[in-house]
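Values quoted throughout were computed directly from the atomic coordinates according to the rules given, and no laboratory measurement underlies them. These numbers were taken from a predicted model, which means no experiment stands behind them. So basically every Cβ, Gly included, is an ideal-geometry build from the backbone, and we count neighbours across all protein chains shown.
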Amino acid sequence: MTGQQPVRIGVIGAGMMGRELAIVCGRWMQLIDHPVRPEVVAVADRNPAMFDWFRQIPSVRTFTEDWRVLVDDPDIDVLYIAVPHNQHEELYLAAIAAGKDFLGEKPFGIDLAAAKTIVAAIEASDVFVRVSSELPYFPGALACARIAGSGALGDIIEVRSGFSHSSDMDRAKPINWKRQREFCGAIGVMGDLGMHVAHVPLRLGWRPRTVYALLDDIVTQRSVAGNPGSMVPCDTYDNALLACRVPDATRDFAMLWETRRIAPGQTNTWWFEALGMDGGVRFSTRTPTYYERFELKDKAQVWQQIQPGNVSAWPVISAAIFEFGFADALLQMWACFLGERAGALGDKFGTATPQEALQSHLVFDAALKSDEQNAVLPAIPVT
């Protein structure tokens, strides 16, 4: 597409997802009729060794250990902020104060108070902010969300949304910041994975009224990297199962949110399922080439496997016959984020909003208290 508006992006936090963004920018020509053309022009990280990978990208002109350089740079249009949760409030508020649009990582701050502060600052400003959540961009997931949101399922019976992987299955794995409350927050795995689980349900208007939580700290100690004999506490939750009640037109229906960092049999699996009186849908990234749809036909209960093909939120040059993957989901998330920022999203599935991030935090905060009290507690207030 000719006449694309350039968008200069600064990356704060030069880890895996920052590198993935640079790769996404290199694949941008795969998109059809996108209004902007992004490029990563600056990288900030406290560890200068992280710059080495980015030096192969000609567009990156600034390398700095001070993130404030990127926040204050008038030649940077958008920031991608991918840092530990305890740094979110400071960096997000600084970006908002500087008038910088950004895509932030989940959750919005280390706890509910931080999320409220961040969202209030966004709503009092003119900045465009969204939250990273790429997994709903698989074609099968988009199809399920569209069908579920259309009313075709009839009265909803139950919903399940989950994300499980095995990143912490190895007890010998050294501790990292995601297993320490100081950096990851008391909500643990819910903050790390929960926005992925909450994105589609909240977008469909399914806001938990109450929650009953089962939170599990499975591996309670890990070694320090480079010193196997030195054990330190793991004081955040590995796994979380949240049983929610969601208000509907006629009744409250059940919804489960499941987040696990220790999930035998899984590698990195996201799924969504919604069942109603008139039908159902389900999708899993473990079987990414198809989604399933439930219907009643001649009083028989029938599950169908439907292959949507490479039919993305934002159209691409790849033929529909080709199969979709994680890198494609990232491309689609960024395409929709920057497309919406440019006012060109239309009816495409949008990236998670600050309000959705705040709503998820309300649920996670209530889940902490629910687990402590062994009680069903209010989650998102009904308005």
* Asked: Which value, in Å³ per residue, describes the convex hull spanned by the Cα atoms of segment 1-75?
  -> 85
* To do: State, to one decimal in nm, how far the label point of Val232 lies from the label point of Arg8, with both points 7 Å from Cα in the Cβ direction.
  => 3.8
* Those lysines that a straight Cα-Cα span of less than 22 Å connects to Lys369, excepting residues fewer than 8 apart in one chain -> Lys106, Lys116, Lys178
* Choice from Met50, Met29, Met16 with maximal GNM fluctuation in the chain (Cα, 10 Å cutoff) -> Met16
* Asked: Which of Thr64, Thr351, Thr250 moves most in a GNM of the chain, Cα contacts under 10 Å?
  -> Thr250
* Asked: Plugging the Kirkwood radius over Cα pairs into Stokes-Einstein for segment 5-131, at a temperature of 4 °C and a viscosity of 1.567 mPa s, what D comes out in µm²/s?
  -> 87
* How high is the FRET efficiency between Ile32 and Asp52 when r is their beta carbon distance and R₀ equals 41 Å, given to the nearest 0.05? -> 0.75
* Just the number, please: percent antiparallel of the DSSP beta bridges in the chain, rounded to the nearest 5. => 60
* Structure fact -> By Cβ neighbour count within 10 Å, fewest first, Lys299, Lys106 rank Lys299, Lys106
* Structure fact -> For Lys348, counting only aspartates and glutamates whose alpha-carbon sits under 15 Å away and dropping same-chain residues fewer than eight positions off, the answer is Asp33, Glu134, Glu340
* Based on a Kirkwood Rh over C-alpha pairs, give the Stokes-Einstein translational diffusion coefficient of the chain at 25 °C and viscosity 0.890 mPa s in µm²/s. => 113
* To do: For an R0 of 56 angstrom, estimate the FRET efficiency from the Cβ-Cβ distance between Glu295 and Ala113 and round to the nearest 0.05.
  => 0.75
* For the chain, modelled as a Gaussian network with Cα springs under 10 Å, which listed residue fluctuates most, Gln304, Gln332, Gln180? -> Gln304
